[in-house]
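Peer 1: Structure provided below as structure tokens; questions to follow.
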Amino acid sequence: MSNKLQLLYDLEVYPNFFLATFYDLTDGTFLEYELSDQLLNDVIRNPDLELVGFNNQHYDDTILNFIDQHSRAGEVTHNDGWGSAFAPPPSQELSTQTIFELSERIINGGGNVINDQQIKNAKYHDKAYSSIDLKSLLDPMPSLKKLELRMQFPNVQDLPIKPGTILTDQQKKDIRIYCRNDIAATEELFSKHSIKHLELRRFLAKRFNLPLSKLQSASEPRAAEYILSSLATANTGTSPWQIKENLAPIMQVKVAECIPDWIKFDSPMLDTLLSQLKVITLPTTGYAIGTALQRTIQIGERLYKMGIGGLHSADSPAYYQATPDGYNIIEPDVTSYYPSMLLRDGLHPRGYSRKWADTYGKIYEDRLGAKADSTRTTEAHALKIILNATFGKFGSQYSSFYDPTLLIRVTLGGQLALLMLIEALEGEDICVISANTDSVTVTPTNDQIDAYHRICKTWETKTKLNLEHTHYTRLAKRDVNNYTALTTNNKVKNKGIFTPPDIKHDVKAPVVQRIARQCLLYGSTIEEAFEEMRDELTIYDFLYSFGATKAFEIFIHPYTPAELKATTMRPSTIVGLSKTNRWYISNTSELRISKFGGKNQTWVSIPDAHHVVIANKITDDSIPDDLNLDYYKLKIKRLINDCGVTAS
């Protein structure tokens with residue numbers, strides 16, 4: 001953990017009100033400041049503090065830094081991020097109105113009181129405190145409101161008063177309460193979902209002797225890029241920024257240069273595919289345009305779709321159950337596919353030398369050693385970040401790793417290598433039931449097991465890649481990206497609609513997937529599954545939710561879609577709601593939720609938003625008496641049926 005005192009914090013800004021609220025993690029107390037010298041001395045200029053926020057690098061830190069700069073007119077207190085120092089004196093009186101103008105400029109880019117240079121100066125201000133931005137650390141992340149839904153937070157609350165409002169005393173009190181609720185949500189995100197990521201960043205900083213400040217608010221791709229570029233340019237006299245600035249523009253990618261020479265097929269059909277691909281030239285607009293790569297290929301009875309990303313089979317709903325005297329369900333998965341593709345041929349971004357590939361390879365070998373040692377779990381996870389998160393930067397113009405040819409080389413080569421494996425398996429009548437990016441799933445009979453392993457070994461020899469084999473007892477899929485499966489070691493693998501709730505995924509009414517999974521993988525009936533989970537389920541398992549964009553307003557009302565569209569005036573029974581809402585389906589309510597707005601200024605229905613009871617604030621998580629359980633059972637039955645199984 002940090003050696004500094006950590007304070008969670010959030011700012012609220014209005015034309016006549018500025019509030020900075022801090023939460024002390026050590027004793028659970030709140031500290032509130034308005035514009036004052038006390039804020040400067042206690043917080044902004046305190047080097048012993050580490051401030052933790054959400055999107056604070058972009059917004060809150062910038063405002064605090066602006067306040068500090070304003071009090072240091074004429075001093076050199078910051079740089080532009082590339083080593084150039086400047087300190088223009090502030091031209092505005094520091095007031096709540098000035099801070100509001102700054103806030104508007106940061107969020108909306110509007111106004112003429114604050115200019116972009118002032119924001120840049122504040123952003124790169126040499127601040128005394130350190131800070132952690134959880135949004136950047138965990139990126140990609142949605143808004144804090146959407147995270148409140150994903151975390152099943154008790155009180156989901158949007159900003160209660162429109163920005164720009166001149167607040168009354170009562171409204172100021174309301175904003176103080178709202179701000180504390182936001183901080184409570186941030187605390188949950190920090191304590192339950194962020195600490196392990198910060199521990200990995202601290203390990204990486206120490207492991208590679210790099211400043212922690214560069215990593216503790218960095219997403220996995222940013223952290224990987226910073227570490228690898230720092231190591232690859234060490235003692236070269238060239239910085240990653242210089243490499244990026246010196247990269248020549250790439251106007252096209254010749255696909256022939258992206259196909260490894262070790263890709264070989266036996267069938268004339270796939271040989272023809274290879275010949276067709278080699279004559280393609282892809283235009284680029286910052287990243288390779290892969291439309292010309294899109295193909296649908298039939299091998300055996302299955303269709304496979306390829307393009308600029310991973311290979312995917314076109315799967316229909318299906319259910320599979322392995323039996324001792326029948327068939328097996330096995331998934332051969334390429335170990336660290338994209339890293340292995342890079343290392344196999346010593347590939348590296350065009351702006352770097354072979355030293356990049358050697359550095360990457362050393363990290364790969366170190367990770368293998370750590371993975372095999374139960375005492376080095378943290379190291380294994382930390383090094384995995386560098387290996388797996390680097391790849392996406394090949395397609396970013398803003399990265400020194402930018403190399404669209406290398407990007408296509410890895411993704412296209414990976415797809416073609418998988419097609420080699422599929423061709424070999426189907427050539428000996430081993431049924432391939434699915435393919436997805438870095439793996440295939442097969443159902444060999446007991447008599448075909450030896451042939452299956454021989455084919456995999458031959459493929460490994462040809463490609464110099466490694467396969468890991470997962471055995472399943474049951475697998476149920478709606479399509480290639482939505483499935484649930486049970487391994488022979490009783491571990492469950494989920495994807496898409498079956499992914500359990502977490503901060504990275506929106507899951508509506510989790511009870512639907514929970515019960516469906518129990519029925520599909522363990523053979524329970526819907527009624528039996530509910531009985532088995534009776535003591536585990538809470539109201540959160542039954543909640544639907546929706547967050548509106550700026551283009552729409554949200555309303556609750558008792559009208560059908562046809563009745564709603566027929567209304568020419570808005571009656572009092574159509575009541576406005578906040579942008580973010582959650583609800584359950586009731587057997588007593590006649591209310592619906594709809595949105596209004598968009599380009600055509602029309603009413604739009606929201607899925608599963610009829611017969612609703614709003615549940616934005618939850619003080620009792622028990623299942624309410626009026627919950628319409630039959631509605632949820634119908635949804636469960638449909639999901640089970642969508643996987644090719646008749647629900648019971």
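Values quoted throughout were computed directly from the atomic coordinates according to the rules given, and no laboratory measurement underlies them. Note that the structure is predicted; figures quoted are calculated from it, not measured. Quick reminder, even Gly has a Cβ in these numbers, built from the backbone with ideal geometry, and neighbours come from all protein chains shown.
Peer 1: Given the convex hull over the Cα atoms of segment 104-213, what projected area results after averaging over all orientations, in nm²?
Peer 2: Mean projected area of the Cα convex hull: 9.6 nm².
Peer 1: Bin width 5 Å, alpha-carbon pairs only: give the P(r) of segment 435-573 as whole percents, running from 0 to the bin holding the largest distance.
Peer 2: 2, 7, 12, 13, 13, 11, 10, 10, 8, 6, 3, 3, 2, 1, 0
Peer 1: Now for a separate question. Of Ser313, Ile497, Ile114, which is farthest towards the positive pole of the chain's charge dipole, taken about the Cα centre with +1 and -1 on the beta-carbons of Lys, Arg and Asp, Glu respectively?
Peer 2: Ser313
Peer 1: If each residue of separation counts as 0.36 nm, what is the full-extension length gain between Arg45 and Asp169 once their alpha-carbon separation is subtracted?
Peer 2: Extending this stretch completely gives an extra 41.7 nm.
Peer 1: Please express the Cα-Cα pair-distance distribution P(r) of segment 550-648 as a list of whole percents, one per 10 Å bin, running from 0 to the bin with the greatest distance.
Peer 2: 14, 38, 30, 16, 2
Peer 1: Hey, if you put +1 on the Cβ of every Lys and Arg and -1 on every Asp and Glu Cβ in the chain, which of Ala476, Asn600, Ile195 ends up farthest toward the positive end of that dipole?
Peer 2: The listed residue farthest towards the positive side: Asn600.
Peer 1: What base-10 log of the normalised intensity I(q)/I(0) is obtained for the chain from the Debye formula, alpha carbons as equal point scatterers, at q = 0.05 Å⁻¹?
Peer 2: With one equal scatterer per Cα and no solvent, log10 I(q)/I(0) is -0.29.
Peer 1: If you wrap a convex hull around the alpha carbons of segment 201-301, what volume per residue comes out, as a whole number of Å³?
Peer 2: 202 Å³
Peer 1: Please report Rg (one decimal) and Dmax (integer) in Å for the Cα set of segment 512-556.
Peer 2: Every Cα atom of segment 512-556 included, Rg and Dmax give 15.8, 45 Å.
Peer 1: Continuing with this model, one more query. Mind checking the alpha-carbon convex hull of segment 349-471 and giving the volume per residue in Å³?
Peer 2: So the per-residue hull volume is 132 Å³.
Peer 1: How far apart, in nm, are two points set 7 Å out from the Cα along the Cα-to-Cβ line at Ser95 and at Gln252?
Peer 2: About 6.0 nm, to one decimal.
Peer 1: Which percentage, to the nearest 5, of the DSSP beta bridges contained in the chain is antiparallel?
Peer 2: Restricted to the chain, the bridges split so that about 90 percent are antiparallel.
Peer 1: Report the charge-dipole magnitude of the chain in Debye, nearest 20, computed about the Cα centre from +1 at each Lys and Arg Cβ and -1 at each Asp and Glu Cβ.
Peer 2: 1380 debye
Peer 1: What are the DSSP H helices in the chain that stretch 30 Å or more along their long axis, judged by alpha-carbon atoms, and whose average Kyte-Doolittle hydropathy comes to at least 1.0?
Peer 2: Flagged H segments are 404-427.
Peer 1: Moving on to the next point. Give, as ranges by residue number, the residues of segment 290-327 whose backbone N falls under 15 Å from the point 7 Å along Cα→Cβ of Asp266.
Peer 2: The answer is 299-300.
Peer 1: Also: Over segment 252-350, how many percent of alpha carbon pairs lie in each 10 Å bin up to the one with the longest distance?
Peer 2: 11, 34, 35, 15, 5, 1
Peer 1: Stretch His471-Arg295 to full length: gain in nm at 0.36 nm per residue minus the Cα-Cα span?
Peer 2: Taking His471 through Arg295 to full extension adds about 60.4 nm, to one decimal.
Peer 1: How high is the FRET efficiency between Arg72 and Asp502 when r is their beta carbon distance and R₀ equals 35 Å, given to the nearest 0.05?
Peer 2: It comes out at approximately 0.20.
Peer 1: Please compare each pair in Lys135/Lys192; Lys508/Lys565; Lys145/Lys504; Lys123/Lys206; Lys508/Lys635; Lys145/Lys617 to a cut-off of 18 Å on the Cα-Cα distance and tell me which ones are over it.
Peer 2: Lys508/Lys565; Lys123/Lys206
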